[in-house]
Amino acid sequence: MPLKILGLNHTTAPVEIREQVVFAGQEIGRAVARARALPGIDEVVLLSTCNRTEFYVVCDTDGGAQLTTWLHDERNLDPSFSDSIFERDGDAAIRHLFRVACGLDSMVLGEPQILGQLKEAYREAQAAGTVGPNLTRLFQHSFSVAKKVRTDTEIGASPVSVAYAAVSLAEQFFAGFKQHTAVLVGAGTTVELLAKHLHRKGIGRLFVANRDIDRARDLAEQFGGFALSLTDLAATLPEADILISSTASPEPVIRIEHIRAAIKARKRRPIFAVDVAVPRDIDAAVADLDDIYLYTIDDLDKVILQGQGNREAAAVDANRILDDEIARYLLIERSKEVAPVITELRSQADEFRHQVLENARRRLAQGADRDEVLEYATAALMKKLLHNPSVRLREAGESTDTDTIRLARELFGLNKD
């Protein structure tokens with residue numbers, strides 16, 4: 001069965017569309033199991049992050065259509081959603097996966113988090129029993145390629161990340177951070193990076209709000225900040241000059257009434273806010289309010305592009321490695337495809353050899369001349385080996401099948417003259 005990738009990402013769909021098809025936590029295991037149960041689909045891995053939701057499948061020719069229909073039904077999507085979905089097949093699908101693993105397809109060129117997310121997606125599919133030998137070989141090779149690219153190039157050398165871009169954007173609004181307060185919502189890797197960057201920039205006060213107060217406390221204490229539970233977040237928002245949110249909540253955690261109250265309490269001093277979560281953490285209607293400047297993850301594109309110039313040169317080297325590794329992978333896979341044919345061909349030839357040898361031994365036992373038996377045996381073996389090719393070549397000649405005739409010359413090393 002052929003390989004197919006189907007999904008959407010930051011290059012094909014804006015955040016308001018991507019957030020409709022995010023799968024998180026236990027949803028991933030259930031989703032790959034349901035996708036695997038569709039007709040024509042043999043293996044499935046699902047990668048779902050803030051920037052992409054992509055299904056990697058081994059399926060027959062109808063598998064992609066089955067998966068698209070299921071996705072629409074699963075999330076009750078508008079028919080126009082199909083315009084945002086992309087598909088890759090065969091070699092193009094392999095290249096896409098390798099690029100994703102290496103961070104070459106990321107919004108932040110060369111970012112390392114995607115490899116960990118891809119490995120986790122693979123483990124989730126393994127646990128759900130939806131990974132077979134084809135995706136196992138493919139994903140394991142993609143992991144080794146990503147390691148080689150990161151080791152042999154400078155793709156990850158420059159300090160560009162979503163967190164870095166968000167803080168860089170904040171610097172355009174404030175002359176300095178010492179007199180200002182930042183409120184971070186969430187306690188994952190992105191929020192940790194945000195806290196680190198803000199701390200290095202000398203932020204005056206730092207609050208970390210999270211559903212799990214212990215995780216918020218652990219993170220806040222690393223950078224001299226204060227921990228909040230989500231229930232206390234609304235009361236603290238009036239103090240926020242900088243508000244950045246990155247949780248895995250399926251629903252907004254900051255509602256428009258929270259922001260209205262905060263703006264009123266601040267006496268209309270503006271709030272700089274970045275929502276890097278997908279689905280979005282901050283009610284989209286907040287963008288229509290005065291005195292708050294709200295940016296989403298998609299708005300960080302320009303900042304990221306300005307900061308990753310040094311990675312572009314490394315990406316050239318990375319793509320060379322990618323080309324070599326794709327060629328090597330395809331060679332291995334195609335060798336696997338032809339191996340059974342070679343085995344069967346050798347088995348057939350060996351069977352002919354045994355038949356002729358047994359007949360020759362019987363003739364010798366009956367007193368036949370040794371030279372005559374050798375002559376018979378070699379002629380009989382040649383006849384058996386060439387019978388089927390000769391029949392097919394005659395048929396090719398009768399039907400003017402020049403491709404088969406040309407292939408026979410190549411296979412048997414015949415003189416073309």
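Annotations
- In the set (1) in contact with a Gly (Cβ under 9 Å, 6 or more places away or on another chain); (2) surrounded by fewer than 17 Cβ atoms within 10 Å (Cβ to Cβ), D73 fails one condition alone, (1).
- Top-ranked residue in the range 341-378 [being surrounded by 11 or more Cβ atoms within 10 Å (Cβ to Cβ) and among the small types (G, A, S); ranked as farthest from the chain's Cα centre (by Cα)]: A368
- A24 satisfies every condition listed in (1) at pLDDT below 95; (2) more than 15 Å from the chain's Cα centre (by Cα); (3) over 16 Å from A121 (Cα atoms) except (3).
- Filter result (farther than 23 Å from Y295 by Cα and in a helix (DSSP H, G or I)) within the range 214-231: D214, R215, A216, R217, D218, L219, A220, E221, Q222, T231
- Screening C50 on (1) hydrophobic (A, V, I, L, M, F, W, C); (2) at pLDDT 95 or above; (3) under 22 Å from A24 (Cβ atoms) shows it passes everything except condition (2).
- Among the residues of the range 102-130, the one identified as more than 10 Å from the chain's Cα centre (by Cα), closer than 14 Å to C50 by Cα and charged (D, E, K, R) is E111.
- Meets criteria (within 19 Å of F177 (Cβ to Cβ), surrounded by 15 or more Cβ atoms within 10 Å (Cβ to Cβ) and touching a residue at least 40 places away in the same chain (Cβ under 8 Å)) for L219: no
- Considering A349, A360, A379, A368, the condition of being at pLDDT 90 or above, aliphatic (A, V, I, L, M), over 26 Å from D91 (Cβ atoms) and touching a helix residue (DSSP H, G or I) at 6+ places or on another chain (Cβ under 6 Å) is satisfied by A360 alone.
The values are calculated or read from the model by the stated rules, or taken from the named source; none is laboratory data. Predicted model, so just to flag it, every value in this text is computed and none were measured. When we count neighbours, we look across all protein chains shown, and the Cβ atoms used for this are built from the backbone with ideal geometry, even at glycine.
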